[in-house]
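Structure record follows, encoded as structure tokens.
The values are calculated or read from the model by the stated rules, or taken from the named source; none is laboratory data. Bear in mind the structure is a predicted one, so any value in this text is a computation, not a measurement. Heads up, the Cβs are rebuilt from the backbone with ideal geometry, glycines too, and the neighbour counts pull from every protein chain shown. To get the accessible areas, we keep the full protein, side chains included, count just its heavy atoms, and leave off ligands, DNA and RNA. Shrake-Rupley method; radii C 1.70, N 1.55, O 1.52, S 1.80 Å.
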Amino acid sequence: NGRKASITSSAENGRARCDNLGPVSTLHVGDRDYFARARTTLRFAVGAPVVSRLSGRTVVPIAYPLLDAQGNFRGVIASGIDLTLFAAVFAESLANKNLILNIWDPEGGLLYPLDALGTQAASGDSGIRRAVLARQARTESFEAQGLDGVANFYVITGLENAVGARAALGVGIPL
């Protein structure tokens, strides 16, 4: 939809008070992991990569809790780091332009790169997807068939420690 960033302010139940669409919002973030973590810890929280309900883009959501004068949770200010923009900057900085960057959601869905329409790409039954789903909660390296059918060497790491969910980041290079 052309929006490159999103920001919302929510009440303690996760219902948005306002967002970048305006002061009246139908958005609800109370079911998102970053909202629950900010509510529980009363600290800044980073969530698992998701497709934003507001911008429609793949983001790493971030939330800062809003507290009243007594320190009680009253909601969050939330936004998202746009992974497409991040990946473009990352790719431009690489000395080797053959590197492959993939970001996976907890169910093994491919969040980055997006397909030609700018939506979450179908990841099929590739070797890399099977490896992402089978991985343990640590960094692993292996050879696998990529999304394009080419054999690649990959390193994948879980984002559990950073975002509290089983999302993964993978970097590969053709063999």
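Filter the range 51-71 for residues that are among the small types (Gly, Ala, Ser), crowded, with 18+ Cβ neighbours inside 10 Å and part of a loop (DSSP other than H, G, I, E, B) and give the result. Spell out how you get there, then give the answer.
Initially, the range 51-71 is screened for residues among the small types (Gly, Ala, Ser), giving 52, 55-56, 63, 69, 71.
Filter once more, keeping what is crowded, with 18+ Cβ neighbours inside 10 Å: 52, 55, 63.
If the condition is that a residue be among the small types (Gly, Ala, Ser), crowded, with 18+ Cβ neighbours inside 10 Å and part of a loop (DSSP other than H, G, I, E, B), then 52, 55 are the ones that fit.
Exactly one of these conditions fails for residue 146: (1) open to solvent by 50 Å² or more (accessible area, probe 1.4 Å); (2) at pLDDT 80 or above. Give me its number.
Going through (1) open to solvent by 50 Å² or more (accessible area, probe 1.4 Å); (2) at pLDDT 80 or above one by one, residue 146 breaks only (1).
For the range 23-46, check the following and say yes or no: at least one residue is under 16 Å from the mean Cα position of the chain (by Cα) and assigned to a strand (DSSP E or B).
Checking the range 23-46: at least one residue is under 16 Å from the mean Cα position of the chain (by Cα) and assigned to a strand (DSSP E or B).
Give me a count of the residues in the range 137-166 that are within 25 Å of residue 41 (Cα to Cα) and of a type in the set (A, V, I, L, M, F, W, C).
Summing the residues that are within 25 Å of residue 41 (Cα to Cα) and of a type in the set (A, V, I, L, M, F, W, C) in the range 137-166 gives 5.
Among residues belonging to the range 22-47 that are farther than 22 Å from residue 161 by Cα and open to solvent by less than 100 Å² (accessible area, probe 1.4 Å), point out the one that is modelled with the highest pLDDT.
Step one: of the range 22-47, the residues farther than 22 Å from residue 161 by Cα are 22-28.
Filter once more, so that each one left must be open to solvent by less than 100 Å² (accessible area, probe 1.4 Å): 22, 25, 27-28.
Values: 22: 70, 25: 75, 27: 86, 28: 90.
The selected residue is 28.
Would you tally the residues in the range 1-16 being in contact with a strand residue (DSSP E or B) (Cβ under 8 Å, 6 or more places away or on another chain), open to solvent by 60 Å² or more (accessible area, probe 1.4 Å) and modelled with pLDDT of 90 or more?
Number of matching residues: 2.
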